[in-house]
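A.B. asks: This is the structure I have questions about; it appears just below.
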Amino acid sequence: MIEFHAVSKRYPGGKEALRGVSFRLGHGEMAFLTGHSGAGKSTLLKLIACLERPTAGQVLVDGLNVGRLPRRRIPQLRRRIGVVFQDHRLLHDRTVFENVALPLHVAGHRGPEVGRRVRAALDQVGLLGKERAYPVTLSGGEQQRVGIARAVVNRPPLLLADEPTGNLDPELSREIMALFARFNQVGVTVLIATHDIALVEAMGRRRLVLREGRLVEGAAEAA
Amino acid sequence: MAARGERAAGAAPAARPRRLRPRAWLAEHRDAAAGSLRRLAREPLSSLMTLAVIGIALALPAGLHVLLANAQAVTGGWRGEARISLFLERGVDLARARALRRELAARPGVRAVELVTPEQALAEFRRLSGFGEALDALEENPLPATLVVTPAASDPQALAALAARLRALPEVEAAQLDLEWVRRLHAILALARRGVAVVAALLAAAVLLVVGNTIRLEIQNRREEIVVAKLIGATDGFIRRAFLYSGLWHGLLGAALAWLLVEGALALLAGPAARLAELYGSAWRLAGLGAGASLTLLAGGAALGLAGAWLAVARHLREIEPA
């Protein structure tokens, strides 16, 4: 699903965020990306979603060379990747329903199909009753689950999450991770960046560890 | 993954490239148009203020255009009544003058000929000038017989040619064509038309900038939304569309407001204008914008709004990228 071949990323300021990173994440796999802050976790995720382009090396997503993707084809890529952010990135002037429906509208879906799929996604994250609420009226954990519903509503084959439990207490964090595991069970490839080592160990999944831009652990595929 | 993914609600196996079918395309445009309109209605006060600026800027050239069109209508009526006065030689007697009147009336290019005898001319002069007593002192009537020719043609060149032919008649001492004032009036109207065009061009530029700035602010205010939309796979076209429709609505609604302003102002002027026309014994009435000019106003407003939005979108939308 995801292949990195000797990928380096140097930001215009000269900071080298990734150095020669290579790994492969198979279809339907679930893995955690860990490392101290500034190790390059966010950069790695951004390269996958084509939010940044690699300075050197190749990033392949489902066989697609993301680094060379023409600008006008980026939307097609992003529709196939659900992204969950630490700060949710919900639109606060829209209801939960409208927030979750956004990826469908953007992809040109209309009519009753939208309502059905939004409710299915909200049901999966346990927020079916909150569709008319505005994000500010929800707790942090609920907002994060709305973010997850939005990421999966389009049924993307790949789900990325950047510190999805960063602001949540351990109990809620476990719930959120269990949710990701559930999506993985139905075939979604999941890659989660987090610094919550205890949680990662409790989950017992493949770990990719970054240190100062280098992949120091987990490059070899899990059996 | 695909086999498992399809069964459950979790994942779609592959993205089907969406070809834009006409109905889907229409639906997207309808949604974008309705969404922009709703956004406009959500902040009625600030929207109304922007629309008022656009409306006034468009009302000014539209109003001037209407006034000019009315002025042309009035002078058009006068031009049709251009007359050539033929002052006959003093030796020409009344019988010869009557014969000449019939002869001229039969000419092509002449609609009617009226004979004013020296006596009639004197009576009229006495009545209009107030020099009655002074005229009584005269021993004989100093006024010649006059033939007043109403030409069929109305354009200044044909009139001048006809006057020249009539002046060449042996019985005619002088031919006076009241044409200079027509020419001058036409020159003034041409100048006014050019002036209105210049004002219209300047105000059109103002509308362009007002809409451009409004859309620029809207783009800034919706920055977060644009970022999120791009993150979840919105095309540039999808995002652009919302703002272009916003510009279109601003222009169109501003033009509608301008139409109301112009028609309202004309309604206020119609009564006094009609009274003035009555005093001149004219059936002329102040004309409104009419269907053609109204459509031009609305279409022009919409086009300016769209163009203004395009300027803003082209400059500012590309700068906003998720990071």
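A.B. asks: Work out the length of the dipole vector of the protein assembly as shown about its Cα centre, built from +1 on the beta-carbon of each Lys and Arg and -1 on the beta-carbon of each Asp and Glu, and round it to the nearest 20 debye. It would help to have the intermediate numbers written out before the result.
C.D. replies: Working: 71 positive and 50 negative charges, 554 e Å.
It works out to roughly 2660 debye.
A.B. asks: Counting DSSP beta bridges in chain A, what percent are antiparallel, to the nearest 5?
C.D. replies: Rounded to the nearest five, the antiparallel share is 50 percent.
A.B. asks: What does the charge add up to near B:W249, with Lys and Arg as +1, Asp and Glu as -1, over the other residues with Cβ less than 12 Å from its Cβ?
C.D. replies: +1
A.B. asks: Note the per residue figure in Å³ for the convex hull of the C-alpha positions in chain B.
C.D. replies: Value for chain B: 202 Å³ per residue.
A.B. asks: On a 0 to 90° scale, report how tilted helix B:118-129 is relative to the longest principal axis of chain B, with both axes built from alpha carbons and the result rounded to the nearest 10.
C.D. replies: Between the helix axis and the principal axis of chain B, the angle is about 60 degrees.
A.B. asks: Go from 0 up to the bin containing the longest alpha carbon distance in region A:40-161, width 5 Å each, and give me the % of pairs per bin.
C.D. replies: Binned Cα distances yield the sequence 2, 11, 21, 21, 17, 13, 9, 5, 1, 0.
A.B. asks: Would you kindly state the longest site-free stretch of chain B, with sites defined as GluC sites (Glu not before Pro) in a DSSP loop (not H, G, I, E, B) surrounded by at most 12 other Cβ atoms within 10 Å?
C.D. replies: The reported range is B:141-318.
A.B. asks: Here's something else I'd like to know. For region A:155-223, give me the percentage of DSSP beta bridges that are antiparallel, rounded to the nearest 5 percent.
C.D. replies: Approximately 40 percent, going by the DSSP bridge assignments.
A.B. asks: Please build a GNM for chain B, connecting alpha carbons under 10 Å apart, and tell me which residue among B:F131, B:F87, B:F238 fluctuates the most.
C.D. replies: Checking each option, the largest mean-square fluctuation is seen for B:F131.
A.B. asks: Ignore the peptide's own chain and count Cβ atoms of other chains within 10 Å of each Cβ in A:98-105; give me the average, rounded.
C.D. replies: Partner Cβ neighbours, averaged per residue: 3.
A.B. asks: Another question about this same structure. State the number of lysine pairs found in the protein assembly as shown whose Cα atoms come within less than 26 Å, restricting to pairs 8 or more positions apart or on distinct chains.
C.D. replies: 9
A.B. asks: Using the beta-carbon distance between B:R23 and B:A158 and R0 = 45 Å, what value does 1/(1 + (r/R0)^6) give for FRET efficiency, to the nearest 0.05?
C.D. replies: Computed FRET efficiency for B:R23 and B:A158 comes out at 0.15.
A.B. asks: Answer with one residue from A:H195, A:L172, A:N184: the one whose Cα lies farthest towards the positive end of the charge dipole of region A:155-223, charges on Cβ with Lys, Arg +1 and Asp, Glu -1.
C.D. replies: Farthest along the dipole direction, towards plus: A:N184.
A.B. asks: While we're on this one: Name the most mobile residue of B:L67, B:L209, B:L86, meaning the one with the largest mean-square fluctuation, in a Gaussian network model of chain B with Cα contacts below 10 Å.
C.D. replies: B:L86
A.B. asks: Given the Cα-Cα distance of B:L185 and B:L269 and 0.36 nm per residue of separation, how much length would full extension add, in nm?
C.D. replies: The B:L185-B:L269 span can extend by a further 28.0 nm.
A.B. asks: Once the principal axes of the Cα atoms of region B:211-323 are found, what is the range along each, listed largest first in whole angstroms?
C.D. replies: Projected onto its principal axes, the Cα set of region B:211-323 covers 75, 22, 18 Å.
A.B. asks: Now, a different point. Taking the convex hull of the alpha carbon atoms in region A:92-155, what volume per residue do you get, in Å³?
C.D. replies: In region A:92-155, the Cα convex hull volume per residue is 72 Å³.
A.B. asks: Over region A:92-155, what relative contact order in percent results from Cα pairs under 8 Å that are six or more residues apart?
C.D. replies: Numbers: 67 pairs, mean separation 32.7, N = 64.
Dividing the mean separation by the residue count of region A:92-155 yields 51 percent.
A.B. asks: Please give the charge dipole size of region B:83-178, origin at the Cα centre, charges +1 on K and R Cβ atoms and -1 on D and E Cβ atoms. Round to the nearest 20 debye.
C.D. replies: My answer is approximately 540 debye.
A.B. asks: Counting other Cβ atoms within 10 Å of each Cβ, which trypsin sites (Lys or Arg not before Pro) in region A:130-172 have at most 16 and sit in a DSSP loop?
C.D. replies: When the trypsin sites (Lys or Arg not before Pro) of region A:130-172 are filtered for loop state and at most 16 Cβ neighbours within 10 Å, A:R132 remain.
A.B. asks: What does the structure give for A:69-82 when I average, per residue, the other chain Cβ atoms found within 10 Å of the residue Cβ? If you can, show how the numbers build up before the last one.
C.D. replies: Values: counts 0, 0, 2, 3, 2, 4, 10, 5, 2, 7, 7, 5, 3, 2.
Whole-number average of other-chain Cβ neighbours for A:69-82 is 4.
A.B. asks: Among A:M203, A:M177, which comes first, second and so on when ranked by fewest other beta-carbon atoms within 10 Å?
C.D. replies: A:M203, A:M177
A.B. asks: Right, next: Show that you can apply the helix-only estimate: for chain B, add -39,500 (n - 2.57) for every DSSP H stretch of four or more residues, divide by all residues, and state [θ] at 222 nm to the nearest 500.
C.D. replies: Roughly -24000 deg cm²/dmol at 222 nm, from the helical runs in chain B.
A.B. asks: Answer with one residue from B:V198, B:L252, B:L64: the one whose Cα lies farthest towards the positive end of the charge dipole of chain B, charges on Cβ with Lys, Arg +1 and Asp, Glu -1.
C.D. replies: Final value for the positive-end residue is B:L252.
A.B. asks: Compute the angle between helix B:156-167 and the longest alpha-carbon principal axis of chain B, please, reported from 0 to 90 degrees and rounded to the nearest 10.
C.D. replies: Value to nearest ten degrees: 10.
A.B. asks: With angles folded into 0 to 90 degrees, how steeply does helix B:22-42 sit against the dominant principal axis of chain B? Use alpha carbons for both and round to 10.
C.D. replies: Rounded to the nearest ten degrees, it is 80.
A.B. asks: How shielded is A:28-35 by partner chains, expressed as the average number of their Cβ atoms within 10 Å of its Cβ atoms?
C.D. replies: Partner-chain Cβ atoms within 10 Å, mean over residues of A:28-35: 1.
A.B. asks: Moving on to the next point. With Cβ to Cβ distances under 15 Å as the rule, what net charge do the other residues near A:I176 carry (K, R +1; D, E -1)?
C.D. replies: -3
A.B. asks: Once every Cα of region B:83-234 carries one equal point scatterer and solvent is ignored, give the base-10 log of I(q)/I(0) from the Debye formula at q = 0.10, 0.17 Å⁻¹, two decimals.
C.D. replies: For the requested q values the scattering log ratios are -0.57, -1.02.
A.B. asks: In a Gaussian network model over chain B where Cα atoms closer than 10 Å are linked, find which of B:A303, B:A121, B:A204 has the largest mean-square fluctuation.
C.D. replies: Comparing B:A303, B:A121, B:A204 in a Gaussian network model of chain B, the most mobile one is B:A121.
A.B. asks: Moving on. Using the Cα atoms of the protein assembly as shown, I'd like the radius of gyration and the largest Cα-Cα distance, Dmax, both in angstrom.
C.D. replies: 40.7, 137
A.B. asks: Another question about this same structure. Got the relative contact order for chain A handy, in percent, Cα pairs under 8 Å and 6 or more residues apart? Intermediate values should be presented prior to the final figure.
C.D. replies: Working: 423 pairs, mean separation 68.6, N = 223.
Here the relative contact order equals 31 percent.
A.B. asks: Could you give the dipole magnitude of chain B about its Cα centre, charging the beta-carbon of Lys and Arg +1 and that of Asp and Glu -1, in debye to the nearest 20?
C.D. replies: The dipole of chain B has a size of about 2360 debye.
A.B. asks: Which of the GluC sites (Glu not before Pro) found in region A:77-154 are loop residues per DSSP with 11 or fewer other Cβ atoms within 10 Å of their Cβ?
C.D. replies: Qualifying residues, ordered by number: none.
A.B. asks: Got a sec? Charge dipole of region B:83-147, +1 on Cβ for Lys and Arg, -1 for Asp and Glu; which of B:A137, B:L104, B:L115 is way out at the positive end?
C.D. replies: It is B:L104, whose Cα lies furthest towards the positive end.
A.B. asks: How would region B:58-134 be classified by its alpha-carbon gyration tensor: rounded, prolate or oblate, with rounded meaning a/c under 1.5 and the a/b versus b/c comparison settling the rest?
C.D. replies: oblate
A.B. asks: With an 8 Å cut-off on Cα pairs and a minimum separation of 6 or more residues, tell me the relative contact order of chain B in percent. Working shown, then result.
C.D. replies: Working: 362 pairs, mean separation 85.6, N = 323.
It comes to 26 percent, rounded to a whole number.
Readers should treat all values here as calculations from the given coordinates under stated rules, not as data from a laboratory. Keep in mind the model is a prediction, meaning the values are calculated, not measured. Positions of Cβ are backbone-derived with ideal geometry, glycine not excepted, and every protein chain shown enters the neighbour counts.
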